[in-house]
Amino acid sequence: MLRPGKVTLAELRAVWTGAPVASGEEYWAGIDASSAAVGAILDSGRTVYGVNTGFGLLAQTRIPAERLEELQRNLILSHCAGLGDPLDRRIVRLMMVLKVIGLGRGHSGVRRSLVERLLALVEADALPVVPSQGSVGASGDLAPLAHMSAALIGAGQMAIGDEAPVPAADALALLGLEPLVLGPKEGLALINGTQASTAIALDVLFTAERIFGSALIAGALSLDALKGTDVAFDPRIHEARGQPGQIAVAAILNRLLDGSEIRESHEGCDRVQDPYSFRCQPQVMGAALDLMRNAARTLQIEANAVSDNPLLFGEEALSGGNFHAQPVAFAADILALALCEIGSISERRLAVLIDPKMSGLPPFLIEDSGVNSGFMIAQVTAAALVSENKSLAFPASVDTIPTSAGQEDHVSMATHGALKSRRIARNAAGVIGVELMAAAQGVDFHAPLKTSPALGRAVAAIRTAVPFHARDRYLADDMAWVRNAVLDGAFSGAVEADLFAQ
C-alpha cells in the first residue's frame, strides 16, 4: 500500500521487481484540495507561475485562459527532446510510481484523474519509452519526465508488457483509454521533479545491494580457497574501532565461514596474516556498506518528496527549487564510489587465487597449466572492468552547466551521475562473477574437504551452470551467466536481509 510521504525502501524494492502497486485512499483528499486551489487561483484572476504563465525565462508572459490547455500540452511536447537508449522498464515503472507518490502529497494542483491514469498504466504494465539522455537534474528531470508524460496525452511510444513499443495513442486504445486533456499546471507538475534521476539511483542502490551481498560470499569463499585465517574477523577487533558497517561485515563473514572443513583443516597452522584484500574485507566492505546506507536514506527521503514547482499550500502558490536534484546527485556518486571499491578489492583477491606463489593452488587455477591457461584472461577482463570503473568514478555532482538562457545557472547532473553509477554497478557485478567462479574452482581443489554449508550452497548454485574448469573452454558464456546471477540476486539473498533496511 503506497502512502505518499511514508513509502519504505522495501515497498520501492517491490515496485522495482514488478510487484502489484496498491494505492491508499487517504491521500485523495489532499489531491482534490490542491486541484480546487488551482481553480480558485484562476477564478481570482491572479497571475501564478506555471498556472497561467510561460515557463523558465518566459515566466513573465501571462497566458490567456482560453490557451491554458494548449500551454500544458505544448509544454509536454516541447520537452520531449531526449536521446539515447531507452531506460530499463524497471526504472520507468519506478519513475511513474515516484511521480504518483509526489503528486499524492497534495501540493501539486493536479486532478485525481491524472494520478489514477498513472496508476492504471502501471497496473497494465503499459510503460512509456523514455530516452536515457537529456536531463541535467535541475528544473526537474525535464526531458525524461516529458517522455513519460507524453504517453498520457497519446504522444510518443509505449510498450505493453513484453510487446514491442507502439505509438502511445494506439497503446491507449488497446487498453480502452482516451488520451488525457491536461488541466492548468498539470503538465508542469508532471515534468518538474526528480523522479527520473531518483528512479535510476534507486535502481543502482537495489542492484548494489545484490552485488554487495554476492561480494561478501565471494570474499569468504576466496578466503576458504586460499586456506586463509579468519582471525582478522574476530568481533573484538571491529568493536575496538566502532565503525558500524565494519562490525556488520565481520559478523557476516564469520557466519559464512562457520562449519567449513577446509578452515578446520588448518586451524593449527602458523599462518598469521593474509593479503589486505582478504584480511581487510570488514574495513573496506564495511566502509562501502556505510556509504550505501547513507545513500539509501537520502533516496528514501527523495522518493517521498514533493519536488515540482510551484507548490500549493492552501490557495498560496510558492515558487522554490525542490526540483534541484543535488541530494540525488550526491547519493548516486556515493554509490559509484562504493561499487568501484567493491569491484577493486574483489579483483585483487582473484589475482591472488590465480598466482601459485600466493595461493598454493595450481597456476591460474587449472591442472596441466601451460597447455591450459585457466583463469588467466578472466582475471584480465576483471582488471579491465575495474580500470573502466576508476575512470567512471569521478563525481558527476561537481559538474554544472547553465541552461535555459542562464535562468537555470546551476544544475546537479544527477541523472548523468546515476546512469554512470549504473554502468559501474554492472561492471562490478562482472568482477564479482569472475571471483565467484575462481573461488569455487579453488575450493573444489581442496576436495574431499568441504567448505561451509552456507558457502557450499553458493558453489552448488554456480555448478548448476558452470562446470569445474578441467581444461580450457569457451569462458565468456559462463562469465556472463554468473554476472547475471549476481545482478539477479541469486547469491545475495542469504545476507541482504541482515544488511539493508527493509
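Of the chymotrypsin sites (Phe, Trp or Tyr not before Pro) found in the range 445-502, the ones in coil according to DSSP and having at most 13 other Cβ atoms within 10 Å of their Cβ are 468, 474. Rounded to whole numbers, the Karplus 3J(HN,Hα) couplings from phi for the range 326-332 are 4, x, 5, 4, 4, 4, 5 Hz, using 6.51 cos²θ - 1.76 cosθ + 1.60 with θ = phi - 60°, and x at Gly and Pro. Rg over Rh for the range 9-193 works out to 0.96, both radii taken from alpha-carbon positions and Rh defined as the Kirkwood radius.
Close amide H partners of residue 408, meaning residues 5 or more places away or on another chain with modelled amide H under 5 Å apart, are 403.
Could you give the dipole magnitude of the range 345-482 about its Cα centre, charging the beta-carbon of Lys and Arg +1 and that of Asp and Glu -1, in debye to the nearest 20? Could you put the intermediate results ahead of the total?
Numbers: 13 positive and 13 negative charges, 70 e Å.
Computed about the Cα centre, the dipole is about 340 debye.
Listed peptides 31-42, 262-273 appear in the order 31-42, 262-273 once ranked by packing, highest mean of other Cβ atoms within 10 Å at the front. Between residue 112 and residue 390, the FRET efficiency from the beta-carbon distance, with R0 = 56 Å, is close to 0.70. Counting only Cβ charges, +1 for Lys and Arg and -1 for Asp and Glu, the dipole size of the chain around its Cα centre is about 380 debye.
For chymotrypsin sites (Phe, Trp or Tyr not before Pro), no site in the range 1-49 is both called loop by DSSP and has at most 12 other Cβ atoms within 10 Å. May I ask for the angle, rounded to the nearest 10°, between helix 281-303 and the longest principal axis of the chain, with both axes built from Cα atoms and the value confined to 0 to 90°? Roughly 10 degrees, rounded to the nearest 10. Report, in degrees rounded to the nearest 10, the 0 to 90 angle that the Cα long axis of helix 112-123 makes with the longest principal axis of the chain. Relative to the chain, helix 112-123 is tipped by roughly 30 degrees. For the pair residue 265 and residue 474, label points projected 7 Å from Cα toward Cβ lie 3.4 nm apart. When each of the peptides 214-225, 193-204 is scored by the mean number of other C-beta atoms lying within 10 Å of its residues, the order from highest to lowest reads 193-204, 214-225.
Gain on full extension, evaluated as 0.36 nm per residue between residue 355 and residue 243 minus their Cα-Cα distance, stands at 37.1 nm.
Calculated from DSSP H runs of 4 or more alone, at -39500 (n - 2.57) each and per residue, what is the 222 nm mean residue ellipticity of the chain, nearest 500?
Details: 21 runs with 282 residues, N = 502.
Value at 222 nm, helices only: -18000 deg cm²/dmol.
When the chain is fully extended, how far beyond the present Cα-Cα distance does residue 301 get from residue 313, taking 0.36 nm per residue of separation? Show your work: numbers first, answer last.
Numbers: separation 12, 0.36 × 12 = 4.32 nm, distance 2.01 nm.
Gain in length upon complete extension: 2.3 nm.
Over all other residues within a Cβ to Cβ distance under 12 Å of residue 489, the charged ones net out to -1, with Lys and Arg as +1 and Asp and Glu as -1.
Write out the trypsin sites (Lys or Arg not before Pro) in the range 30-72 meeting two conditions: DSSP loop, and at most 15 other Cβ atoms within 10 Å of their Cβ.
Here the trypsin sites (Lys or Arg not before Pro) that fit, given the DSSP loop and packing criteria, are 46.
Summarising the strand pairing of the chain, around 85 percent of its internal DSSP beta bridges are antiparallel.
Since every read-out is calculated from the coordinates, none of them should be taken as a lab result. None of these values were measured; they are calculated from a predicted model. FYI the Cβ positions are ideal-geometry reconstructions off the backbone, even for glycines, and counts take in every protein chain you see.
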